[in-house]
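Since the structure comes first, as structure tokens, the remarks are kept for the end.
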Amino acid sequence: MSLMDPAAVRITRDLEPVLSMDDPRAKLSAYHDMPYALFRYDPEDEFELRKQVTLLETRLTQKGKRIKRISLADCLDEAMRSQRSLQEWFDAERDQGVETTVETVHSVLSEYAPLVDLVEARLPPDPDPLRDIVFLTRAGSLFPVYRCHTLLEQMHGRLTVPAVLFYPGTLDGAVGLKFMGVIDADPNYRPKIF
């Protein structure tokens, strides 16, 4: 993704002006109790997107915003390690197969070490919706074990500051998203898609 790439352009043209506002919540979401949006990008652009997010964070910080970046990969790692060592996970995948391991990791993120709780624990301690912005990054690490729309629905009521989930996927129609460009499109995303 170069600076002329549509995702990089969309960050500076569409997303940054909204996040720079004194109170971005109204423009970020149509729902007052869901102050978050999705920023969709092509999965193969992950590494360049990370650079663009860092640049966006720097520019917003210079404008007085406090950015809290939450890595969903770190949350996944914490959840998995809470149940067994990574070597035990590798052994289980080898012995039981990928499908069983995917189902097990999904259960961990849903029941035993809920992803929503891990994300909530990383939110700003004294949130100020006029200054704080949360970036949810590394969503691709959840593929194929956990769908992003599940996390967003569970964040309803827990998140009070503006937030953006950087979503690796492709559009399917006006509001359908295919996670990693592979999983069948989910038309249930209520957050705004940038």
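Details
- Whichever lysines have a C-alpha closer than 17 Å to that of LYS51, once near sequence neighbours (fewer than 8 apart) are set aside: LYS68
- Residues of type lysines that LYS27 reaches as a straight line, Cα spacing below 17 Å, ignoring anything fewer than 8 places off in the same chain: LYS65, LYS192
- For segment 25-112, the solvent-accessible area works out to 57 Å² per residue, with a probe of 1.4 Å and every protein chain left in place.
- Placing pseudo-labels 7 Å out from each Cα toward the beta carbon at ARG131 and ASP22 gives an inter-label distance of 1.6 nm.
- Relative to the Cα centre, the charge distribution of segment 1-158, modelled as +1 at Lys and Arg Cβ and -1 at Asp and Glu Cβ, gives a dipole magnitude of about 760 debye.
- Computed magnitude of the charge dipole of segment 1-74 (debye, nearest 20; Cβ of K, R +1, Cβ of D, E -1): 380 debye
- Helix 86-96 vs. the chain, principal-axis angle (Cα, 0 to 90°, nearest 10): 60 degrees
- Shape call, segment 12-69: gyration tensor on alpha carbons, a/c limit 1.5: oblate
- Of (i) 1.17; (ii) 1.03; (iii) 1.11, the label for Cα Rg over 2.2 N^0.38 Å derived from the coordinates: (ii)
The values are calculated or read from the model by the stated rules, or taken from the named source; none is laboratory data. Quick caveat, the model's predicted, so the values are computed rather than measured. Note that we place each Cβ from the backbone using ideal geometry, even for glycine, and neighbour counts take in every protein chain shown. All accessible areas refer to the heavy atoms of the entire protein, side chains included, with ligands and DNA or RNA removed. Shrake-Rupley method; radii C 1.70, N 1.55, O 1.52, S 1.80 Å.
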